[in-house]
Amino acid sequence: MYTGRFAPTPSGPLHLGSLCTAIGSYLRARSMKGRWLLRIEDLDKQRCSREAADSILRTLELYGLEYDGSVIYQSRQIEQYKEVIRNLKNRDLAYECTCSRSRLKSIGGIYDGRCRNKAEAGKQRISVRFRNPGTVCCFDDILKGRIETSPAESGEDFILLRSDGTVAYNLAVTVDDETEGVTEIVRGADLIPVTTRQINLISSLGFRIPDYMHLPLILSGHDLKYSKQNHAKPVSDEDPAYMCALAMKCLGHMLPEDLNRAPPQEQIAWGIENFSTGRIPGNNQTVQY
Ligand SMILES: [Zn+2]
């Protein structure tokens with residue numbers, strides 16, 4: 001059965017970009033008569049809060065985006081992720097890295113595999129990295145067709161467990177999508193660069209590789225991604241009809257005139273009925289609101 005999901009990070013309320021991702025993945029799942037799951041990716045304790053998670057849940061409810069099953073909170077599954085990391089280490093598919101932050105900075109962003117064969121002894125800060133075979137460096141995106149990433153990016157020995165004990169996003173998301181039986185991942189185009197490295201991890205774990213659909217990013221008039229980092233305006237709960245219609249328009253699904261002020265539930269119902277991947281723009285969308 002088609003299984004999709006929405007997996008926000010609760011570092012603030014939803015903004016237009018994340019609302020578009022929520023609506024896009026919802027319309028896709030429901031138009032496929034599939035399931036739509038909700039996962040709160042709250043592993044980063046510094047950035048995430050329970051209040052933000054609750055606010056996201058309220059907003060989804062207000063827009064009539066009903067998830068199946070119960071909400072998954074990643075922060076409650078840390079032991080499961082650590083178990084997978086232990087298994088990878090036992091199979092020599094992960095290794096300890098003692099490189100300092102300043103060393104990583106000096107090599108310019110992409111890890112060079114220095115600790116692959118032996119980590120420096122006696123170091124306090126130990127992270128765990130994936131021994132990436134780097135076999136996959138392209139994938140087929142449902143909207144964008146074949147996408148290639150550089151071998152350096154797709155084959156990087158990326159971090160699975162940070163030296164402060166935090167489980168890394170790339171590991172957690174891979175485990176969850178497998179455990180929850182997600183068949184297709186619909187998410188923002190900002191995650192295109194990590195897709196091939198994730199597929200390399202999925203393959204090493206013997207998991208099923210899902211299909212991918214990357215939605216256009218929503219940019220402000222100044223060409224900034226609408227995100228919390230850029231202080232994007234949060235989606236206020238005041239005028240959901242307006243915001244819902246705007247999000248649908250960003251996804252290439254312009255509502256008929258008489259539905260523009262209708263309750264979001266009615267707009268969403270129209271969206272499910274009329275959903276087509278062919279309508280979704282390939283390029284990022286610039287919006288003022
Ligand atoms: Zn290292």
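Selection of region 29-73 for residues being open to solvent by less than 30 Å² (accessible area, probe 1.4 Å) and basic (K, R) yields only R39. Residues considered: I159, I147. Of these, the only one that is under 26 Å from L251 (Cα atoms), open to solvent by 20 Å² or more (accessible area, probe 1.4 Å) and of a type in the set (A, V, I, L, M) is I147. Annotation note: of D68, D141, D92, D112, the sole residue that is at pLDDT below 95 and acidic (D, E) is D112. Regarding F130, is this residue of a type in the set (F, W, Y), surrounded by 13 or more Cβ atoms within 10 Å (Cβ to Cβ) and either farther than 18 Å from L201 by Cα or away from the ligand (no atom under 16 Å from the Cβ) (or both)? No. In region 74-111, the qualifying residues are those that are assigned to a loop (DSSP other than H, G, I, E, B) and of a type in the set (S, T, N, Q), and the one that is farthest from the ligand (Cβ to nearest atom) is Q77.
Pairs are defined by a Cβ separation below 6 Å, a sequence spacing of at least 6 or placement on different chains, a first member in region 88-117 that is of a type in the set (V, I, T), and a second member that is outside any helix (DSSP H, G or I) and open to solvent by less than 80 Å² (accessible area, probe 1.4 Å); the pairs so defined are T98/A119; T98/I126; I110/E156.
Taken over region 8-28, residues that are more than 20 Å from G252 (Cβ to Cβ) and open to solvent by 20 Å² or more (accessible area, probe 1.4 Å) amount to 3. Could you tell me whether R114 is within 16 Å of the ligand (Cβ to nearest atom), open to solvent by 40 Å² or more (accessible area, probe 1.4 Å) and not aromatic (F, W, Y)? Yes, satisfied.
Screening T135 with (1) within 14 Å of the ligand (Cβ to nearest atom); (2) of a type in the set (S, T, N, Q); (3) outside any helix (DSSP H, G or I); (4) out of contact with any Asp or Glu (no Cβ under 9 Å at 6 or more places or on another chain) gives one miss only, at (1). When the residues of region 52-73 are filtered to those that are assigned to a helix (DSSP H, G or I) and acidic (D, E), the one that is nearest to the ligand (Cβ to nearest atom) is D54.
The values are calculated or read from the model by the stated rules, or taken from the named source; none is laboratory data. These numbers were taken from a predicted model, which means no experiment stands behind them. Cβ sites come from the backbone with ideal geometry, for glycine too, and all protein chains shown count toward neighbours. Just so you know, the surface numbers come from the protein's heavy atoms only, side chains and all, with ligands and any DNA or RNA stripped out. Shrake-Rupley method; radii C 1.70, N 1.55, O 1.52, S 1.80 Å.
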